[in-house]
């Protein structure tokens, strides 16, 4: 089986991270894999180091005459059985051809860019329900969750390097600095629960605004803005609690990374966490935008004897059951094989 994976975004984010890791994981599983993507030095170097051929294209908007032509040539040369595209731009620029075109969705996207796909994959059941609710055929809608793409055996980062006391309780929050991620709620929560230090690992348009808010709330001396990091496993290994304060989260890769590394988890009740987690079983869950409730949950996690250990044990079992790399990759390979067999039966 040959699979070409296509990504039109060049930055860093949840979809981009999963694209990188599923490409590497399929290659490790023995699938003949190639990549077409927008320039990103880290991503391209990872693929080259793994022996994955990567074609860099502009994936521009107006007056980009190179990308569609380049994809068409790559497909002609590689002759993939499956072309899997990620996000709107890559999907809309994918040419038609003698292959199975599958797009993977990690959000509730408008389907105008996906109308020429053969099948769509949603990483949550709720996204699959959305697809069918807006008219996409149920038999062409499939659920395959993400896996925890984190180094579970990583050594903890040095707290001293991050100007954090060795004996402090550390809250780690990961994600793009965007309104949807609700880091402002976390900052308000730690104004109430004033004992922990906070590591925020991510970059985005709200960096300056969040720094100003932290100063205004009087918590800036306990907050570390770490920027975008590629050592999430090491950060989780050094943290005491993972906090996921999102306002809107279709899936929630941070959750399964916390479970995989046995890090206690506090999360909001957005779509992904509601589908995946169970309150007081494998996470503490609070309403969206409820900074007082989040502060209470953090306090419980710090002070309630045995709570963190119980939640992490259950979370690790959830991870092993549904969100390992092996389970996810086999789900993808099995789906590709089934759909290719269906296409051959229809053609015959």
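Annotations
- Cα convex hull of the stretch 153-239, projected area averaged across orientations, nm²: 5.3 nm²
- Building the convex hull from the alpha-carbon atoms of the stretch 248-294 and averaging its projection over directions returns 3.0 nm².
- In this label model, residue 158 and residue 53 are separated by 4.3 nm, measuring between points 7 Å along each Cα→Cβ vector.
- When Rg and Dmax are taken over the Cα atoms of the stretch 44-97, they come to 11.8, 33 Å.
- Hydrodynamic radius of the stretch 95-204 per Kirkwood, over alpha carbon pairs, in Å: 17.8 Å
- The packing ranking, built from the mean of other Cβ atoms within 10 Å per residue, places the peptides 131-142, 251-262 in the order 251-262, 131-142, highest first.
- Using the Cβ-Cβ distance between residue 32 and residue 288 with R0 set to 56 Å, the FRET efficiency works out to roughly 0.85.
- For the stretch 160-322, alpha-carbon Rg over 2.2 N^0.38 Å: 0.94
- Under the simplified labelling scheme, the residue 240-residue 79 pair shows an inter-label distance of 6.0 nm, with each label point 7 Å from Cα along Cα→Cβ.
- Which of 266, 243, 157 has the fewest Cβ neighbours within 10 Å, and the rest in rising order: 157, 266, 243
- Crossing angle, helix 183-192 versus the chain [Cα axis fit, 0-90 degrees, rounded to tens]: 10 degrees
- Cβ-to-Cβ counts within 10 Å put 222, 247 in ascending order as 247, 222, the fewest first.
- Structural descriptor for the chain: relative contact order 14 percent, calculated from alpha carbon pairs under 8 angstrom and at least 6 residues apart.
- Over the stretch 1-140, the hull volume per residue, using the convex hull of the C-alpha atoms, is 108 Å³.
- Ratio Rg/Rh [Cα only; Rh per Kirkwood] for the stretch 268-348: 1.25
- The alpha carbons of the chain occupy a box of 65, 38, 36 Å along the principal axes, longest dimension given first.
- Cα→Cβ-extended label distance, 7 Å offset, between residue 321 and residue 134, nm: 3.1 nm
- Build a GNM of the chain with springs between Cα atoms under 10 Å apart, and of 109, 197, 291 the one that fluctuates most is 109.
- Estimated from helices alone, the mean residue ellipticity of the chain at 222 nm is -13000 deg cm²/dmol (sum of -39500 (n - 2.57) over DSSP H runs with n ≥ 4, per residue).
- For the stretch 1-80, the fraction of alpha-carbon pairs lying more than 20 Å apart is 29 percent, rounded to a whole number.
- Contour excess over end-to-end distance, with Cα ends at residue 66 and residue 333 and 0.36 nm allotted per residue: 93.1 nm
Read-outs: derived from the displayed coordinates by stated rules, not from any lab. All of these numbers come straight from a predicted model, not from anything done at the bench. All Cβ positions, glycine included, derive from the backbone under ideal geometry; neighbour counts span all protein chains shown.
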